[in-house]
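The values are calculated or read from the model by the stated rules, or taken from the named source; none is laboratory data. Keep in mind the model is a prediction, meaning the values are calculated, not measured. Here the Cβ positions follow ideal geometry from the backbone for every residue, glycine too, while neighbour counts run over all protein chains shown. The protein model used for the area step is the full one, side chains on, heavy atoms only, and it has no ligands, DNA or RNA in it. Shrake-Rupley method; radii C 1.70, N 1.55, O 1.52, S 1.80 Å.
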Amino acid sequence: MTSIALCTINNTARPIARLCQVSRAAHGTADFHSYSTLRKRAFLPGGKWSFIRAGTRRMSHASPGRISLGRYGKGVFLAAGAAAVTGVLTAGVSHFQRAEMATKVSTVEEEEGDIRERCKSFMSLPVTDIRVLEQRKDAMSARMEMLIMETQAAFCKALEEVDGGAFKVDRWSRKEGGGGISCVMQDGKVYEKAGVNVSVVFGNLTEEAAKQMRSRGKVLKGKDGKLPFCAMGVSSVIHPKNPHIPTVHFNYRYFEIEEADGTKQWWFGGGTDLTPVYVDLEDATHFHKTLKKACDKHHPKYYPDFKKWCDNYFYIRHRAETRGIGGIFFDDLDSPNQEEAFNFVKSCAKTVVPCYLPIVYKHLNDSFTPEQKDWQQVRRGRYVEFNLVYDRGVKFGLATPGSRIESILMSLPLTARWEYMHEPTKGSKEAEMLEVLRNPKEWI
């Protein structure tokens with residue numbers, strides 16, 4: 001996965017930190033029309049849903065791990081990312097209606113509000129002390145940390161809603177500076193392994209890490225051989241059990257380097273990409289349309305350029321095939337200015353829930369054969385090959401002292417398969433998938 005030092009980076013839909021008044025208007029749905037199929041299939045394993053009473057979600061900090069939630073009051077609900085629930089949830093709601101509401105997208109832009117209030121919705125306290133964040137609330141590093149924490153919480157809660165399980169929240173620190181929060185769910189009902197990680201790290205770049213950056217054209221001038229840096233991001237990789245539900249990866253990050261004269265270089269990077277096991281035109285169209293809509297708000301060239309970059313980046317050269325069907329990918333984004341670059345990253349991050357969750361619900365109860373499961377395992381082997389051989393973030397993380405290896409390798413699936421000289425049967429669905437991977441196409 002394309003993460004940053006300490007391996008965690010990226011963003012989702014509308015931040016869940018704010019308590020929002022219930023409204024029957026001003027909400028739209030993700031552009032995904034396969035609801036006739038969804039009606040038949042969209043319910044959790046075991047046929048159970050966890051319904052909450054609509055109202056005010058009062059929260060209080062408990063243990064240093066996950067933040068505890070208090071009772072619900074009246075008239076307000078918590079908007080969980082761009083997948084904000086758009087109505088009162090009661091036990092009388094049908095499975096289909098519940099699934100549809102879980103993928104509704106708010107059209108209202110979230111404003112950056114009170115930091116202490118926003119922190120109450122996180123999976124854990126931020127890496128940086130809240131008082132420091134409040135003092136530096138206008139600094140880009142503080143704003144980005146809040147964004148990635150909100151992204152982590154929004155996506156984790158959306159995934160928990162589907163699976164019925166809970167993420168293990170694991171805080172870690174780095175003696176060289178900073179730390180992170182790793183949220184991992186293993187062997188759930190829907191997900192074999194799901195990880196959503198945040199890292200906020202700082203210190204001095206190693207020569208190996210600086211060399212990687214200079215190879216991309218960065219001009220870095222250190223003082224006494226030192227290059228102070230600050231890096232942060234959110235990253236997620238989701239490996240479902242059902243081969244008809246694609247793997248998804250997203251990663252959004254921010255980097256600052258202080259040079260010898262005290263000036264700072266900064267840039268953003270990230271993207272979201274989909275790795276299905278079988279070709280589903282409707283899924284691919286929905287996924288790419290959602291990303292394109294976010295990109296088009298900022299520049300008409302962003303989607304075509306970053307889609308092409310994604311296809312080129314997630315390319316397994318020794319196999320002559322892409323890892324999946326792409327999405328968007330960008331790096332070293334430092335224009336037109338910091339504010340506009342940050343706003344673009346926010347827009348992309350808000351698409352994570354609506355571009356992926358409708359696909360999950362659609363295929364939630366698709367049946368599959370042992371042969372289809374074997375094909376999924378073979379494709380996962382390719383996923384592992386890319387991440388360990390080519391991924392820029394993994395390589396950077398492994399080259400950074402104090403990196404948390406468990407978080408860096410969170411992107412790897414629990415299981416994978418390597419068959420000697422494997423080639424799918426000509427004319428099969430597996431062969432169709434391989435053809436797409438060898439010859440990337442335009443989906444919209």
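Scanning the stretch 428-444 for residues that are in a helix (DSSP H, G or I) and either touching a Phe, Trp or Tyr at 6+ places or on another chain (Cβ under 6 Å) or open to solvent by less than 30 Å² (accessible area, probe 1.4 Å) (or both) yields a count of 7. Within the stretch 340-350, not a single residue is of a type in the set (Val, Ile, Thr), open to solvent by 20 Å² or more (accessible area, probe 1.4 Å) and at pLDDT 95 or above.
Contact annotation: residue pairs with Cβ atoms under 8 Å, 6 or more positions apart or on different chains, pairing a residue in the stretch 431-444 that is farther than 14 Å from ILE316 by Cα with a partner that is aliphatic (A, V, I, L, M), are GLU432/VAL279; MET433/VAL277; MET433/VAL279; TRP443/LEU281; TRP443/ALA284; TRP443/ILE325. When ILE257, ILE325 are checked against the criterion of being over 19 Å from PHE342 (Cα atoms) and aliphatic (A, V, I, L, M), a single residue qualifies: ILE325. Answer yes or no as to whether PHE329 is in contact with a Cys (Cβ under 6 Å, 6 or more places away or on another chain), among the hydrophobic types (A, V, I, L, M, F, W, C) and surrounded by 15 or more Cβ atoms within 10 Å (Cβ to Cβ). So PHE329 fits the description; yes.
To keep it simple, each residue is scored yes or no on (1) loosely packed, with under 14 Cβ neighbours inside 10 Å; (2) closer than 25 Å to ASP283 by Cβ; (3) in contact with a Pro (Cβ under 9 Å, 6 or more places away or on another chain); (4) without any contact (Cβ under 8 Å) to a residue 60 or more places away in the chain.
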site: ILE316; (1), (2), (3), (4): no, yes, no, no
site: ILE325; (1), (2), (3), (4): no, yes, yes, no
site: ASP334; (1), (2), (3), (4): yes, no, no, no
site: ASN337; (1), (2), (3), (4): yes, no, no, yes
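Within the stretch 230-244, residues that are in contact (Cβ under 8 Å) with a residue 24 or more places away in the chain reach partners that are in a strand (DSSP E or B) and charged (D, E, K, R) with beta carbons closer than 6 Å, at six or more positions or on different chains, in the pairs CYS230/GLU256; GLY233/ARG253; HIS239/GLU192; HIS239/LYS193; LYS241/GLU192.
Evaluated against (1) open to solvent by less than 50 Å² (accessible area, probe 1.4 Å); (2) of a type in the set (S, T, N, Q); (3) under 15 Å from ASP391 (Cα atoms), THR247 falls short on exactly one condition, (3).
Does the stretch 212-226 include one or more residues that are open to solvent by 10 Å² or more (accessible area, probe 1.4 Å), part of a strand (DSSP E or B) and at pLDDT below 95?
First, pick out the residues of the stretch 212-226 that are open to solvent by 10 Å² or more (accessible area, probe 1.4 Å): 212, 214-226.
Imposing the further condition that a residue be part of a strand (DSSP E or B) reduces the set to 223, 226.
Those still in the list that are at pLDDT below 95 too: 223, 226.
Yes, the stretch 212-226 has at least one match.
With a requirement of 1 or more residues that are out of contact with any helix residue (DSSP H, G or I) (no Cβ under 6 Å at 6 or more places or on another chain), touching a residue at least 24 places away in the same chain (Cβ under 8 Å) and farther than 21 Å from ILE359 by Cβ, the helices (runs of 4 or more DSSP H) lying completely within the stretch 114-192 that satisfy it span 115-119, 140-163.
Run down LEU364, LEU398, LEU388 and say which single residue is in contact (Cβ under 8 Å) with a residue 40 or more places away in the chain and open to solvent by 10 Å² or more (accessible area, probe 1.4 Å). Break it down into steps so the answer makes sense when it comes.
Numbers: LEU398 fails: in contact (Cβ under 8 Å) with a residue 40 or more places away in the chain; LEU388 fails: in contact (Cβ under 8 Å) with a residue 40 or more places away in the chain.
One residue alone meets the criteria, LEU364.
Filtering GLN372, GLN376 for residues that are modelled with pLDDT of 95 or more, over 24 Å from the mean Cα position of the chain (by Cα) and buried (at least 16 other Cβ atoms within 10 Å of the Cβ) leaves a single hit, GLN372.
Taking the stated definitions as given, is SER367 over 30 Å from PRO300 (Cβ atoms), of a type in the set (S, T, N, Q), outside any helix (DSSP H, G or I) and modelled with pLDDT of 95 or more?
The answer is yes for SER367.
Of all residues in the stretch 280-309, exactly one satisfies the criterion of being open to solvent by 60 Å² or more (accessible area, probe 1.4 Å) and touching a His at 6+ places or on another chain (Cβ under 9 Å), namely ASP305. As a summary of the residue check, LEU133 satisfies the conditions (1) crowded, with 21+ Cβ neighbours inside 10 Å; (2) of a type in the set (A, V, I, L, M); (3) touching a strand residue (DSSP E or B) at 6+ places or on another chain (Cβ under 6 Å) except for the one numbered (3).
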